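S.K.: Before I ask anything, let me first share the structure, which is written out below as structure tokens.
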Amino acid sequence: MNSVRVNWQLKALLPVVFVLLLGLLFFLVATVSLGNPERHFLLMVAGIGAVVICGVSIFVLAYLIQRPMVELQEKVALVSAGNLEVAVNFAGRNDEIGDLGRNFNHMMLQLRESRKEIETMHRTQMSRAEHLATLGELATGLAHEIRNPLAGIAGVIEIIGRDLPVTSPARGMVKDVREEINQINRILTDLLETARPHPPMMMRSNLNVTVEHAVMLARQQVLSKPIKIELEQAPKLAEVEHDSDQIHQVLLNLLLNAVQSIEGAGAIRVQIDSRADCARVTVSDTGRGIPEQQLSQIFRPFYTTRGNGTGLGLSLARRIVEEHHGRIDVTSTVGKGSRFEVLLPFCVAEADPQANILAAAVSR
């Protein structure tokens with residue numbers, strides 16, 4: 001049941017009227033012993049005084065409280081309509097009402113500054129998005145144009161390599177050319193994946209299998225290196241809704257980056273567990289680490305600290321994880337190593353892509 005709405009002026013005056021009426025009642029009892037003329041005169045004076053007191057109370061309430069409240073209500077209505085260029089006029093008062101006005105004006109100033117920052121960021125992001133879209137279209141066309149002659153070059157090199165004598169020193173050069181062709185092909189593949197992403201094919205499956213496959217391929221890359229890759233699975237982990245091929249690509253990219261960050265002997269640890277409503281895969285290494293000033297840049301497209309890197313791997317990895325409504329975080333200490341966390345919700349259908357659904361899961 002809805003409560004009855006009572007005007008605030010009435011609420012403020014009722015105690016005053018009650019006290020005055022009670023005073024008149026006591027005054028009436030006290031004047032019983034007096035004569036009628038004197039008694040009537042005193043009662044008339046008391047009644048007039050009570051009316052005057054009520055009138056003064058009403059005037060004071062109207063001037064000191066009602067006017068600021070009406071003004072505040074009007075300004076709040078303007079703010080609700082989207083007008084942030086408003087301010088109340090009673091902010092100069094040296095009382096609680098003045099404090100309210102000053103707080104309101106300060107809040108409006110902060111809102112105007114925040115809106116300007118948001119508009120500036122929006123314009124910057126839109127400009128950046130248009131720039132990246134243009135670059136993406138250009139890169140896609142160039143990638144296709146490069147791939148065709150590249151395939152022909154690879155075929156010619158293969159024929160030359162077969163025709164060369166076994167003792168020919170040119171065989172080593174042919175092998176180097178093959179590796180460079182493969183590197184160019186990987187760059188083009190990453191570029192096409194970034195410029196023309198395809199939506200993930202979601203299926204509920206065992207995340208342990210996806211991670212184990214990526215670890216197995218990474219171990220093949222370190223057979224000739226003193227690097228150990230450890231895997232700690234979570235046998236009781238519930239099935240996770242994900243695209244196993246894309247998540248495999250993310251984890252393999254993180255593992256290969258970890259391998260390249262280790263100079264000499266080292267170790268990489270991959271751990272699977274759960275946190276809140278998410279599955280978590282942690283990839284930590286004992287490599288050289290990432291400087292703090294670079295941590296905020298490593299997920300940007302084309303940003304790389306390696307001479308032979310494309311700068312697309314981590315950018316592509318973050319996009320894939322975000323399309324799974326997940327999150328990828330990194331912490332690093334120079335000289336000690338890095339730690340990447342990939343958080344994936346168990347059920348993507350229940351996740352909200354517009355909110356930070358993993359806030360509880362990633363809070364430390």
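The values are calculated or read from the model by the stated rules, or taken from the named source; none is laboratory data. What you are looking at is a predicted structure, and each value in this text was computed from that prediction instead of being measured. Please note: Cβ atoms are built from the backbone with ideal geometry, for glycine as well, and neighbour counts cover all protein chains shown.
S.K.: Regarding Gly287, is this residue buried (at least 16 other Cβ atoms within 10 Å of the Cβ) and either outside the structural domain of Ala143 (by TED's automatic domain parsing) or at pLDDT below 85 (or both)? Spell out the reasoning first.
M.R.: Details: buried (at least 16 other Cβ atoms within 10 Å of the Cβ): yes; either outside the structural domain of Ala143 (by TED's automatic domain parsing) or at pLDDT below 85 (or both): yes.
Taking the combined requirement at face value, the residue satisfies it.
S.K.: Can you tell me how many residues in the stretch 257-282 are touching a Leu at 6+ places or on another chain (Cβ under 9 Å) and not acidic (Asp, Glu)?
M.R.: Here is the first cut: in the stretch 257-282, the ones touching a Leu at 6+ places or on another chain (Cβ under 9 Å) are 257, 268-281.
Okay, now just the ones that are also not acidic (Asp, Glu), so 257, 268-272, 274-276, 278-281.
Going through the stretch 257-282 one residue at a time, the tally reaches 13.
S.K.: If you don't mind, there's one more thing I want to ask. Here are Ser168, Ser244: which of them is touching a residue at least 40 places away in the same chain (Cβ under 8 Å) and among the hydroxyl-bearing types (Ser, Thr, Tyr)?
M.R.: Answer to the selection: Ser244.
S.K.: Oh, and also: Return the residues of the stretch 77-107 that are at pLDDT below 85 and of a type in the set (S, T, N, Q); say none if nothing qualifies.
M.R.: Across the stretch 77-107, the qualifying residue is only Asn94.
S.K.: Next question, about the same structure. All but one of (1) farther than 16 Å from Leu343 by Cα; (2) within 25 Å of the chain's Cα centre (by Cα) hold for Ala258; which doesn't?
M.R.: Here Ala258 meets the rest and fails (2).
S.K.: Against the definition (free of Cβ contacts under 8 Å to residues at least 40 places away in the same chain, among the hydroxyl-bearing types (Ser, Thr, Tyr) and outside any loop (DSSP other than H, G, I, E, B)), how does Thr189 come out, yes or no? Don't jump to the end; show me each part of the working.
M.R.: Numbers: free of Cβ contacts under 8 Å to residues at least 40 places away in the same chain: yes; among the hydroxyl-bearing types (Ser, Thr, Tyr): yes; outside any loop (DSSP other than H, G, I, E, B): yes.
Here the answer is yes, as Thr189 does meet what is asked.
S.K.: Moving on. Among the listed residues Ile97, Ile160, identify the single one that is under 30 Å from Leu192 (Cα atoms), touching a helix residue (DSSP H, G or I) at 6+ places or on another chain (Cβ under 7 Å) and not in a loop (DSSP other than H, G, I, E, B).
M.R.: On the way: Ile97 fails: under 30 Å from Leu192 (Cα atoms).
Among Ile97, Ile160, only Ile160 is under 30 Å from Leu192 (Cα atoms), touching a helix residue (DSSP H, G or I) at 6+ places or on another chain (Cβ under 7 Å) and not in a loop (DSSP other than H, G, I, E, B).
S.K.: Across the stretch 143-157, what is the number of residues that are surrounded by 13 or more Cβ atoms within 10 Å (Cβ to Cβ) and under 10 Å from Leu192 (Cα atoms)?
M.R.: 1
Per-residue answers, yes or no, for (1) modelled with pLDDT under 90; (2) under 30 Å from Ser261 (Cβ atoms); (3) assigned by TED's automatic domain parsing to the domain that holds Asn257:
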{"position": "Ala151", "(1), (2), (3)": "yes, no, no"}
{"position": "Gly172", "(1), (2), (3)": "yes, yes, no"}
{"position": "Asp190", "(1), (2), (3)": "yes, yes, no"}
{"position": "Val222", "(1), (2), (3)": "yes, yes, yes"}
{"position": "Glu239", "(1), (2), (3)": "no, no, yes"}
{"position": "Asp243", "(1), (2), (3)": "no, yes, yes"}
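S.K.: Checking the conditions here, which among Ile247, Ile268 is in a strand (DSSP E or B) and at pLDDT 90 or above? Walk me through it before giving the result.
M.R.: Values: Ile247 fails: in a strand (DSSP E or B).
The conditions single out Ile268.
S.K.: Please verify whether Arg178 is modelled with pLDDT of 80 or more, exposed (fewer than 15 other Cβ atoms within 10 Å of the Cβ), in a helix (DSSP H, G or I) and over 30 Å from the mean Cα position of the chain (by Cα), treating the condition exactly as stated.
M.R.: Details: modelled with pLDDT of 80 or more: yes; exposed (fewer than 15 other Cβ atoms within 10 Å of the Cβ): yes; in a helix (DSSP H, G or I): yes; over 30 Å from the mean Cα position of the chain (by Cα): yes.
Here the answer is yes, as Arg178 does meet what is asked.
S.K.: With Thr310, Thr305 as the choices, which residue is buried (at least 19 other Cβ atoms within 10 Å of the Cβ) and modelled with pLDDT under 85? Even if it seems obvious, please write down each step before you answer.
M.R.: Values: Thr305 fails: buried (at least 19 other Cβ atoms within 10 Å of the Cβ).
Going through Thr310, Thr305 in turn, the sole match is Thr310.
S.K.: Take the conditions part of a strand (DSSP E or B) and either within 24 Å of the chain's Cα centre (by Cα) or crowded, with 18+ Cβ neighbours inside 10 Å (or both) and apply them to Ile229. Does it pass? Talk me through it step by step, then tell me what you get.
M.R.: Values: part of a strand (DSSP E or B): yes; either within 24 Å of the chain's Cα centre (by Cα) or crowded, with 18+ Cβ neighbours inside 10 Å (or both): yes.
Yes; evaluated as a whole, the condition is true for this residue.
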